[in-house]
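*Asks:* Here's a structure for you.
The values are calculated or read from the model by the stated rules, or taken from the named source; none is laboratory data. Quick caveat, the model's predicted, so the values are computed rather than measured. Neighbour counts are summed over all protein chains in view; Cβ atoms, including those assigned to glycine, are modelled from backbone coordinates with ideal geometry.
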Amino acid sequence: MTATAGILAALTLIAAWFGGAIGAYFKKKGENFATHEDLEPLVEQMRAVTEATKTIEAAIGEKIWDRQRHWELKRDGLFAILETLGEADDAMVTLASTSKGSRDKNPAFAKAQQAKVPERIAEWLTAMNRFDAKRRIASLICTMETVSLLQSISRQMRESTPGIVEGNIHYSDIMPSLQRAIVAATVAARKELGLPPLSDPQADFKT
């Protein structure tokens, strides 16, 4: 039994006892009018029950507020993580395209693209650093399953990018596995937030 369920059960028992006490009192008195002295103990009991009820309600309210606040922190953290992950992937795609263009057979085009490569590398590195900074929040608010998944995505992107720049790896070679990992991260985030699963998690990657 949860703490909240136990508290509610206690309230029910208190209310049942008090109701029984009231019923027994008036049954005993029958047709007689109750005097001030007769009612005073019951008034005190009612006051005690009321105070206990208020205390319990406040405790329940505080627990619910804490739970809601934790959920909001997790939601904001996961949104930031997924947003920066998307930005890092976009920067990686742009870098891959520019790097590929720098090896184009057209000398003029290749030269123009080669000049852009350092800037694209800097943009990708900035995006990756932002993603890594945000994903570290996951260790505070998420399960180890989600934390490990995000770490794996970061590792794959960082280990693959140098090969993409040098031309040893094509982005299309890692795209399927990377997309699956990003989809898995999205599914994990929804699970963390208690949201229902998407009917088609890979819809965003379909053309």
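*Asks:* Enumerate the pairs (first residue in region 157-184 and closer than 18 Å to Leu85 by Cα; second residue anywhere and assigned to a helix (DSSP H, G or I) and among the small types (Gly, Ala, Ser)) with beta-carbon separation below 7 Å, excluding pairs fewer than 6 apart on the same chain, so at least 6 apart or on different chains.
*Replies:* Close Cβ pairs (under 7 Å, with a partner that is assigned to a helix (DSSP H, G or I) and among the small types (Gly, Ala, Ser)) amount to Met157/Ala88; Tyr171/Ala96; Ile174/Ser160; Ala181/Ser152.
*Asks:* Go through region 76-96 and give me each residue that's over 29 Å from Leu193 (Cα atoms) and either without any contact (Cβ under 8 Å) to a residue 60 or more places away in the chain or outside the structural domain of Leu149 (by TED's automatic domain parsing) (or both).
*Replies:* Scanning region 76-96 gives a single hit, Thr94.
*Asks:* In addition: Would you check which residues across region 157-169 are surrounded by 13 or more Cβ atoms within 10 Å (Cβ to Cβ) and either of a type in the set (S, T, N, Q) or under 18 Å from Gln113 (Cβ atoms) (or both) and list them?
*Replies:* Ser160, Thr161, Gly163, Ile164, Val165, Ile169
*Asks:* Just one of Ser148, Ser154, Ser97 is more than 12 Å from Ala185 (Cβ to Cβ) and surrounded by fewer than 20 Cβ atoms within 10 Å (Cβ to Cβ); which is it?
*Replies:* Ser97
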